[in-house]
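Undergrad: Could you have a look at this structure, given as structure tokens, before my questions?
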Amino acid sequence: MEFVSIQTAIQQAINQKKEVMEKVSLRGWCYRERKSAKLAFIVLRDDTNTIQCVIERAIVSLETWTFAEQVCIESSIWVQGTLHEDKRAPTGYELHVTNMGIYQLAERFPITKDQSTEFLLDVRHLWLRSRELTNVWKVKAEVLRAIREFFLHKKYYEVTPPIITASSCEGGSTLFKIKYFEDEAYLSQSAQLYLEAMIFSLKRVYAITPSFRAEPSKTNRHLTEYWHLEGEEAFMNFEQLLSLEQELISFICTWVAEHAEEALKILGRDPEDLKKIITPFPRISYEEALEILKKDGIDVMWGKDLRTVEEEALMKHYDKPLLVTRYPKEIKAFYMKDDPNDKRVVLCCDVLAPEGYGEIIGSSERETDVNILIAKLKAQGEKPEHYNWYLDLRRFGSVQHSGFGLGVERVVRWLCKLESIRDAMPFPRTIKRMTP
Ligand code: ATP
Ligand code: MG
């Protein structure tokens with residue numbers, strides 16, 4: 001028996017303009033079933049689509065009818081039969097079964113309608129087969145593919161930084177400590193410092209790695225383990241960095257709209273909306289952000305970071321991603337370069353997604369002077385000797401350079417219109433959960 005996917009079978013029938021196609025063999029899982037004395041209806045599901053299969057007792061063998069009677073939700077099965085055009089069917093076709101078999105008869109499936117979010121997370125290993133989540137995985141795979149395509153065009157090298165590290169990058173409070181033989185180590189929060197080292201060898205590098213943050217708060221946009229795309233380029237100035245980020249986001253949106261069109265539609269995202277995410281994106285400084293907020297009646301003191309509520313209020317004014325630049329240096333990392341025109345701020349940029357999905361990129365031009373770096377580390381209460389290898393990068397051929405970090409699940413959440421970032425991960429890790 002030669003099996004094809006449900007989508008391939010339907011597409012073949014459409015291409016050959018056939019109302020009936022004989023001897024089609026499909027396999028997958030029972031999505032729904034309903035039976036009467038004479039007829040059984042099984043909706044078969046595979047990775048590509050679903051199709052209704054009809055089994056008529058009067059015309060199939062006793063063996064096949066017995067199988068049809070036994071089948072329950074999530075049993076794995078194969079079916080063989082004739083594909084018939086049926087205008088009423090959701091996919092336009094139906095399978096009239098001549099023969100079928102069961103690989104494994106499922107036990108009673110624990111997931112039924114209207115179950116709590118917590119229960120669905122407990123049975124995540126089963127729930128991830130759901131129609132909604134299956135389509136999220138498809139979109140996510142295309143986001144990752146888009147990223148790799150983009151950087152191929154841009155002549156970047158993909159590199160593999162370490163996950164086990166001895167020092168922090170984004171601040172000690174969200175570090176996961178692990179035992180490393182006799183020593184202590186940490187799970188990486190960001191590969192940035194390592195990527196900075198690699199530009200002296202490869203000039204343009206990017207990495208897609210897991211990042212770990214012991215985020216103490218429960219929000220819809222924080223995971224404790226997420227996939228982080230980071231890029232770094234030698235000789236790149238701040239303006240070029242901003243262009244690269246916009247191009248990247250626009251490329252991902254167009255790519256996904258074209259390569260995951262069906263999945264997006266099922267998730268309630270119109271692919272046409274994503275095709276409108278084209279450059280240039282609106283751009284404002286932190287200072288301008290405060291002015292806009294003030295007009296909306298929201299007072300943020302200069303020097304304070306923008307919180308989720310403020311970002312949301314800001315984004316009411318925009319329907320494309322927004323670049324917010326030049327934050328006060330006190331609230332940003334030590335490696336960010338001071339703005340030569342205003343020493344109070346740094347050459348950094350956060351990209352905020354539209355529709356209230358929040359920050360998707362953090363980025364900056366990097367400080368190149370070893371003495372300024374040392375002073376900044378000290379000012380933040382860090383010991384410069386902990387960063388000796390990193391400081392060496394400024395001692396041996398230091399050059400202007402810039403880079404960014406993008407949260408893959410943050411982007412997937414936005415593109416798929418997900419309520420929570422958890423659903424952008426097959427097995428999400430959050431403050432309360434690390435199973436299954
Ligand atoms: P936030 O203010 O939202 O916590 P951050 O300023 O801590 O973000 P960065 O340190 O700049 O974020 O990390 C780079 C990118 O990684 C962010 O723009 C975001 O897309 C993503 N990111 C950061 N923390 C998380 C997390 N806990 N879960 C998922 N993605 C994250
Ligand atoms: Mg954070």
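Undergrad: For the chain, with a Gaussian network of springs between Cα atoms less than 10 Å apart, report the residue from Ser76, Ser188, Ser211 with the top mean-square fluctuation.
TA: Result for the chain, Cα springs under 10 Å: Ser76 fluctuates most.
Undergrad: For the chain, state the average projected area of the convex hull of the C-alpha atoms over all orientations, rounded to one decimal in nm².
TA: The directionally averaged projection comes out at 26.1 nm².
Undergrad: Over the chain, what relative contact order in percent results from Cα pairs under 8 Å that are six or more residues apart?
TA: 13
Undergrad: Based on DSSP H assignment, which helices of the chain show an axial Cα extent of at least 20 Å together with a mean Kyte-Doolittle hydropathy greater than or equal to 0.0?
TA: Length and hydropathy pass: 238-259.
Undergrad: Here's another thing I want to ask about it. Can you order the peptides 313-321, 265-273, 362-370 by their average number of other Cβ atoms within 10 Å per residue, highest first?
TA: 362-370, 313-321, 265-273
Undergrad: Between Asn220 and Phe41, how many nm apart are label points set 7 Å from Cα along the C-beta direction?
TA: The two pseudo-label positions are separated by 3.5 nm.
Undergrad: A further question on this structure: Need one number: nm distance between label points at Gln104 and Ser130, each 7 Å from Cα along Cα→Cβ, rounded to one decimal.
TA: Inter-label distance under the simple model: 2.2 nm.
Undergrad: Can you compute the helix-only [θ] at 222 nm over the chain? Use -39500 (n - 2.57) per DSSP H run of at least 4 residues, normalise by all residues, nearest 500 deg cm²/dmol.
TA: Mean residue ellipticity, 222 nm, calculated: -9000 deg cm²/dmol.
Undergrad: Expressed in nm², what is the orientationally averaged projection area of the convex hull enclosing the Cα positions of the range 77-232?
TA: Mean orientational projected area (the range 77-232, Cα hull): 16.2 nm².
Undergrad: Kindly provide the trypsin sites (Lys or Arg not before Pro) of the range 393-436 that DSSP labels as loop, not H, G, I, E or B, and whose Cβ sees at most 15 other Cβ atoms within 10 Å.
TA: Arg395, Lys417, Lys432
Undergrad: Which residue, chosen from Trp227, Ile102, Ser201, occupies the Cα position most advanced towards the positive end of the dipole of the chain, where the dipole is computed from +1 (Lys, Arg) and -1 (Asp, Glu) charges on Cβ about the Cα centre?
TA: Ile102
Undergrad: Under a Cβ-only charge scheme (Lys and Arg +1, Asp and Glu -1), can you give me the dipole magnitude of the chain about the Cα centre, in debye to the nearest 20?
TA: Computed about the Cα centre, the dipole is about 540 debye.
Undergrad: With unit charges on the beta carbon (Lys/Arg positive, Asp/Glu negative), name the residue among Leu152, Ser36, Thr174 whose Cα is farthest towards the positive pole of the charge dipole of the chain.
TA: Ser36
Undergrad: If you roll a 1.4 Å probe over the chain with all protein chains in place, what percent of the accessible area is carbon or sulfur?
TA: Solvent-exposed carbon and sulfur of the chain make up 51 percent of the total.
Undergrad: Sticking with this structure for a sec: Sort the following peptides by mean Cβ neighbour count (other Cβ atoms within 10 Å, averaged over residues), highest first: 118-130, 247-259.
TA: Top of the packing list down: 247-259, 118-130.
Undergrad: Lys pairs in the range 213-339, Cα-Cα under 23 Å, at least 8 apart or on separate chains: how many?
TA: Pairs that pass both the separation and distance tests number 22.
Undergrad: Let me ask something additional. Please work out the average accessible area per residue across the range 144-196, using the 1.4 Å probe convention, and give it in Å².
TA: Each residue of the range 144-196 exposes 58 Å² on average to a 1.4 Å probe.
Undergrad: Moving on. Ignoring ligands, DNA and RNA, what accessible area per residue does the range 299-436 give at 1.4 Å, in Å²?
TA: Accessible surface, normalised per residue, equals 44 Å².
Undergrad: Expected output is a single nm value to one decimal: the length gained when fully extending between Thr66 and Val54, i.e. 0.36 nm times separation in residues minus the C-alpha distance. What is it?
TA: Separation in residues times 0.36 nm, less the Cα-Cα distance, equals 2.9 nm.
Undergrad: Okay, moving on. Would you list, by chain and number, the aspartates and glutamates whose Cα falls below 15 Å from the Cα of Lys87, excluding same-chain residues fewer than 8 positions away?
TA: Glu19
The values are calculated or read from the model by the stated rules, or taken from the named source; none is laboratory data. Given the structure is predicted, the values throughout are model-derived calculations rather than measurements. Heads up, the Cβs are rebuilt from the backbone with ideal geometry, glycines too, and the neighbour counts pull from every protein chain shown. Accessible surface areas use protein heavy atoms only, side chains included; no ligands, DNA or RNA. Shrake-Rupley method; radii C 1.70, N 1.55, O 1.52, S 1.80 Å.
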